[in-house]
Number of protein chains: 2
Amino acid sequence: MPQTPHVERHFTSGEAVRDVVIGMSDGLTVPFALAAGLSGAIQQSHVVVTAGFAEIAAGAIAMGLGGYLAARSDAEHYASERRREQAEVVEKRDLEKAEVSELLQGYGVSAAESAPVVEALAQRPEAWVDFMMRFELGLERPDPRRARASALTIGGAYVAGGMIPLAPYLAIGSTHSALAVSIAVTLLALLVFGWAKGRATGSRPLRSALQTAVIGGLAAAAAFGLARLIT
Amino acid sequence: MPQTPHVERHFTSGEAVRDVVIGMSDGLTVPFALAAGLSGAIQQSHVVVTAGFAEIAAGAIAMGLGGYLAARSDAEHYASERRREQAEVVEKRDLEKAEVSELLQGYGVSAAESAPVVEALAQRPEAWVDFMMRFELGLERPDPRRARASALTIGGAYVAGGMIPLAPYLAIGSTHSALAVSIAVTLLALLVFGWAKGRATGSRPLRSALQTAVIGGLAAAAAFGLARLIT
């Protein structure tokens, strides 16, 4: 990407920010909803706390390892597609040249106008492969250290998010009172998180805050209703 | 993308497949781990069932609505970046032309060689904007109906996945026996799902099957250990 100044204004959220958002969205919502749901059916705080911690452990590991494998599999997908393109620019040279021309014709550039570009790429096989990876397949070269960082960030954010709704049940013996405090604390946290998420991803912060709080509230209400229904 | 036959061999997993994978990965893993964890601490099957259903409801809604908002926010991001590019190709015409040239220079194409392409794009502002969206920013035009379909697919896959580990607790009164059946059934389901996921995403099916089962097993073991520890 060219480093001309006005390009910098285009926003692309960093991958770490994205991972925090992924982990914390679910971490704030699911343990909150589970604890609220169980409070509707079970009187003992310690059951809610046990279930909550079990959920946080399960969710953090499942999401963290899931993120690890997703990043690894992106990297492998990129590498295997790149090997295929590398073979094709050698073995199917003319077909690949025609593809570059067709790609550009899709943007209204005639075959004659694109001919110098096609020939220039054909002189530099590695650059040509990079061009096809990005422009034909829409794939970006993944960062090799991404998988581990992604796993730790997602898992850590899930745990951090999950502790917020659970903390009141640790401090307060009655599930009824703990639920009220947990709802207040978690809705506040969802609003703050949603607002920050909106700021970080370039969407309207206030709307993002409300949407995030509504999702958490709906999930908790559904879990609460269902748990009531089946006990 | 050109429709020449050999391009078809490049695999890109469909968005619906991706959504099923997202929902079912967590749906099979987290309710399984939660139920296993609670079985280590609590003797009554009905508590495990209540917590399991509460988790499935909470997880399906949180992930489904999360997927809805993610797809919506992708679409809005695309639209806002496109408006910015539309303004730029008019207001900063020369800068944008230089950018196309620099983009291609990044692939070893000289300014002289790319000049006809730059001029051709400059004649067609809409195609030029499309070109910049894909080639400068790496963004693809999102499907407007994607948000709702994505939400329903992710949520439905989560519920379907979550019912598998929970079913034994519904049928069997003792958590101890139900846990053994749930582990067997769920590990089998994780292997089958991991294998199918590997097939669908073009990675090695056997390795994918084992990885998926190991993640589920680790998450369940951690939840079980933690629940034991705090009761």
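Remarks
- So residue A:76, is it under 22 Å from residue B:212 (Cβ atoms), at pLDDT 80 or above, more than 16 Å from the chain's Cα centre (by Cα) and of a type outside the set (Gly, Ala, Ser): yes
- Which numbered condition residue A:150 misses (of (1) within 30 Å of residue A:63 (Cα to Cα); (2) open to solvent by 40 Å² or more (accessible area, probe 1.4 Å); (3) of a type in the set (S, T, N, Q)): (2)
- If the condition is being open to solvent by 10 Å² or more (accessible area, probe 1.4 Å), small (Gly, Ala, Ser) and more than 8 Å from chain A (Cβ to nearest Cβ), then the range B:190-207 contributes B:196, B:200.
- Among the residues listed as B:184, B:223, the single one being of a type in the set (A, V, I, L, M, F, W, C), within 24 Å of residue B:54 (Cα to Cα) and in contact (Cβ under 8 Å) with a residue 12 or more places away in the chain: B:223
- With respect to the conditions (1) open to solvent by 50 Å² or more (accessible area, probe 1.4 Å); (2) within 12 Å of chain A (Cβ to nearest Cβ), residue B:177 lacks only one, and its number is (2).
- Single residue of A:223, A:196, A:178, A:184 found to be of a type in the set (A, V, I, L, M) and within 18 Å of the chain's Cα centre (by Cα): A:196
- A residue that is at negative phi and either within 9 Å of chain B (Cβ to nearest Cβ) or touching a Ser or Thr at 6+ places or on another chain (Cβ under 6 Å) (or both) occurs somewhere in the range A:140-154.
- Hits in the range B:91-118 (condition: charged (D, E, K, R) and either touching a residue at least 12 places away in the same chain (Cβ under 8 Å) or touching a strand residue (DSSP E or B) at 6+ places or on another chain (Cβ under 6 Å) (or both)): B:93, B:96, B:97, B:99
- Residue match in the range A:104-117 (condition: open to solvent by less than 40 Å² (accessible area, probe 1.4 Å), of a type in the set (Phe, Trp, Tyr) and in a loop (DSSP other than H, G, I, E, B)): yes
- Filter pass, residue B:187 being surrounded by fewer than 17 Cβ atoms within 10 Å (Cβ to Cβ) and modelled with pLDDT of 90 or more: no
- Residue, nearest to the chain's Cα centre (by Cα), within the range A:118-134, restricted to residues that are facing chain B (nearest Cβ under 8 Å) and open to solvent by 60 Å² or more (accessible area, probe 1.4 Å): A:124
- Contact map, the range B:26-50: first residue more than 7 Å from every other protein chain (Cβ to nearest Cβ), second residue acidic (Asp, Glu) and part of a helix (DSSP H, G or I), Cβ cut-off under 7 Å, separation 6 or more or different chains; pairs are B:31/B:55.
- The residues of the range A:129-181 that are of a type in the set (S, T, N, Q) and free of Cβ contacts under 8 Å to residues at least 40 places away in the same chain amount to a single one, A:177.
- Only residues that are more than 7 Å from every other protein chain (Cβ to nearest Cβ), charged (D, E, K, R) and open to solvent by less than 50 Å² (accessible area, probe 1.4 Å) were counted across the range A:51-87, and they come to 2.
The values are calculated or read from the model by the stated rules, or taken from the named source; none is laboratory data. Model, not experiment: these values are computed from the prediction. Don't worry about glycine lacking a Cβ; one is built from the backbone with ideal geometry, like all the others, and counts go over all protein chains shown. For accessibility, only protein heavy atoms count, side chains too; no ligands or nucleic acids. Shrake-Rupley method; radii C 1.70, N 1.55, O 1.52, S 1.80 Å.
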